[in-house]
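The values are calculated or read from the model by the stated rules, or taken from the named source; none is laboratory data. This one's a predicted model, so the numbers in the text were calculated from it and none came from an experiment. Don't worry about glycine lacking a Cβ; one is built from the backbone with ideal geometry, like all the others, and counts go over all protein chains shown. Ligands, DNA and RNA are excluded from the accessible area calculation, which covers all protein heavy atoms including side chains. Shrake-Rupley method; radii C 1.70, N 1.55, O 1.52, S 1.80 Å.
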Amino acid sequence: MKTEILSLLRERVSGGNTAAGPAGMPSGEGHPAGMPVGEGHPAGMPVGEGHPAGMPVGEGHPTGREYISGQELCSRFGVSRTAVWKAINQLKEEGYEIEAVQNKGYRLKASPDVMGEIELGSRLRTRGEGHWAGSSLLFYPSTGSTNMDAKRAAEDGAPEGTLVVTDCQKTGRGRRGRDWSSPQGCNLYFTLLLRPDCSPDQACMLTLVMALAVAEAVEELGLEAGIKWPNDIVLSGKKICGILTEMSAEPDYIHYVVIGCGINVNQEEFPEEIRRTATSLKREKGGTISRSALLVSVMDHFEKAYGAFRETWDLSGLLPSYHKFLLNKDTPVRVLDPKGEFEGIARGVNENGELLVETQQGELVSVYAGEVSVRGVYGYV
């Protein structure tokens, strides 16, 4: 019941802009017609952003519609006022700032940056109808690897859109089996399960689809995100996100695909070995970011990008958006091919997700991410 109460409190504060809004209030009430949900206040924005400095979300001049009465909560869930009171107090103990006003009811004033089933569930519920990414949620306070958890769920028959999230990942991995630093309480670690009806070769492009979704969500925070082909998101020349896509497939059939993503959100210190090449959203933005809101934003952008990808099962419909963020475009690169390294100028990405590199001899070579690595000649990017 706590998840449902938190969802209702969020809907009231946001003006009831979801299909599951308060009884009697039309979907989108208090939100300009035609404006996407969340427009004007990007998901993942630092707490208090867009409000007077230091003022919690919802603070200021609340309208009566921001409150939900205890009686309404009792009626909705068929419980006593004592049960509602206990649920509200439990939410307060978990860090949610909830105001109680006599003859008005309860109002959510501020949310902590916590990762939990209640927080994530309430965020995902209040997106409205038509969303599928995150429709089934598996949250673990700590786990070895969200990709491994998602694979087990897939083998047990979990549906497409199942989202696995953790607050601490103990055996996270990147491309080519590299370790991924996953400290607790500050970053975002998740894996999305897909069951695409395409060939295994086409599914390899899903890494780039997720990279685009993350870059767009980060851009909503007012940060200039870039993509280092194929799977790194970069800010100020330093990495903030890595993506690992794995699949179970036959030569001509896919059982499932899992896309794992680790985003440095509120981490302030990094191990010595990655300090020069890694950063976080908090360090670049200068404020704490809501990890749960950022996750929902990434899911929303992924749904849109994946829809475009499914129309052709390639990147042809996404290339303009992807090239907007591509840091490698028209820059010198060194291709670390096992058959022999070479340097050239990256000219962009084709519809198959391959990096196009113009060699020093003037030949345009298609580079496949599964075979080689690409480094910037003059630095990380």
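Overview of results
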quantity	calculated
For G128, residues with placed amide H under 5 Å, excluding near neighbours	A19, A20
Sites E93 and T171 - FRET efficiency at Förster radius 41 Å, r taken between beta-carbons, to 0.05	0.85
Long pairs among K285/K324; K92/K228; K86/K239; K109/K170; K151/K285, criterion Cα-Cα beyond 32 Å	K92/K228; K86/K239; K109/K170; K151/K285
Two-site label geometry, T312 and E268: point separation in nm, points 7 Å out along Cα→Cβ	4.7 nm
Largest-first ordering by accessible area, 1.4 Å probe, given options S69, S145	S69, S145
Mean Cβ neighbour count within 10 Å, used as a protection proxy, ranking 353-359, 304-310 highest first	353-359, 304-310
Residue-level accessible surface for Y106, protein heavy atoms, 1.4 Å, Å²	40 Å²
Difference of contour (0.36 nm per residue) and Cα-Cα distance, V114 to L336	75.9 nm
Sequence ranges 157-167, 87-97, ranked by mean other-Cβ count within 10 angstrom, highest first	157-167, 87-97
Cα→Cβ-extended label distance, 7 Å offset, between S373 and S75, nm	6.3 nm
Full-stretch length increase - S142, D201 - with 0.36 nm per residue and alpha-carbon distance subtracted	18.0 nm
I98 accessible area, assembled protein chains, probe 1.4 Å, Å²	10 Å²
